[in-house]
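Encoded as structure tokens, the structure appears first; notes follow it.
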Amino acid sequence: MKTSCTVLLIALFCTFPGHQELNAQHDKTAQDLSRFIDLTVKDPVYIAQEMNQKDLGLLFAAGVTIAGISTFDRRSSTYFQSRFRNSPFLDAVNEVGNFHYIAPISAALFGTSLLSDNHKFQDAAFTSLQSVLYTYISVNTLKFVFARERPSQNSSPYVFNFFELNATALPSGHSSNAFALVVPWVVYYPGVVTYSLLALPVGTAIARVSKGKHWMSDVYAGALIGAFWGYRLSKRHLNLSGSGNVAITPFFRKNGGGISLKVTL
């Protein structure tokens, strides 16, 4: 009886009209996963090798900027708490950058992308997930190094314990994670819709200050880290795929400055 049932099940499977398509989908998914595993292994090596004097100069400039912003931390904290502490929008986006939410969302987006044949969508979803993970590692390493106390722990913004686990203000994890999630989608699909998504990480950064969770320099540092990984990884993957490139270049003039954006499709 068992043998008859087994033969019947095999016969039904063999005559199922979609089994070849299912096998093809499985093979395609396996190829895609292999491609992303290859990127995961090679990306850190590439980024380390591509570090140059310009990158080191930008890193130094970012550090100086963060230090400059920190001189206004107490004043900006008081201002944002008095003006925006009860903002409904900031209440809504306050936890957008929570890693326990961001990581599953980005992983689900990547998993969903594998069901499609759109390689650009797959790359964007993978880059977003990878950016979140790289950012999480970078931020938590720096939190341990600086061990800066939060506004709720100390009224002074200049308390650093260094290499301790009890203070985790600098950089802001929520801000960095939110930018890491969104920036790759902006780079891959520049447009009104994706640019508007930047309101989420910006709102998260402001919310963290207005809720007394971070100093302004904390969220600025977090935003830079998340945006860096999102942009750097997106630029590399777009160059590899040949599907396009986005160049963001700061410029300075006598009467001001700004950022130029060049998109190559």
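None of the figures in this text is laboratory data; all of them are computed from the coordinates on show. Please read all numbers here as calculations on a predicted model, not as lab measurements. No Cβ is skipped: glycine too gets one built from the backbone with ideal geometry, and neighbour counts run over all protein chains shown.
Only alpha carbons enter this Debye calculation for the range 92-163, each as an equal point scatterer, and the log10 of I(q)/I(0) it gives at q = 0.13, 0.16 Å⁻¹ is -0.55, -0.71. Rounded if a/c is under 1.5, else prolate if a/b is larger than b/c, else oblate: which is the range 189-232, with a ≥ b ≥ c the root eigenvalues of its Cα gyration tensor? Oblate.
Measuring max minus min along each principal axis, the C-alpha atoms of the range 145-224 give extents of 42, 24, 14 Å (largest first).
Among 218-227, 125-134, the peptide with the highest mean count of other Cβ atoms within 10 Å heads the list, and the full ranking is 218-227, 125-134. Subtracting the Cα-Cα distance of residue 85 and residue 240 from 0.36 nm times their residue separation leaves 51.4 nm of extension gain. The Cβ shell under 14 Å around residue 168 holds other residues with a net charge of +2, Lys and Arg each +1, Asp and Glu each -1. For the range 75-264, the average shadow cast by the Cα convex hull is 12.4 nm², which is a quarter of the hull's surface.
Converting phi to 3J(HN,Hα) with the Karplus coefficients 6.51, -1.76 and 1.60 and the offset θ = phi - 60°, the range 116-126 yields 9, 9, 8, 5, 5, 5, 4, 5, 5, 5, 5 Hz in sequence order, with x at every glycine or proline. Protection proxy ranking, highest mean first, for peptides 138-151, 47-60: 138-151, 47-60, where packing is the per-residue count of other beta-carbon atoms within 10 Å, averaged. I'd like the FRET efficiency for residue 107 and residue 72, computed as 1/(1 + (r/R0)^6) with the beta carbon distance as r and R0 of 35 Å, rounded to 0.05. Between residue 107 and residue 72 the formula returns 0.40.
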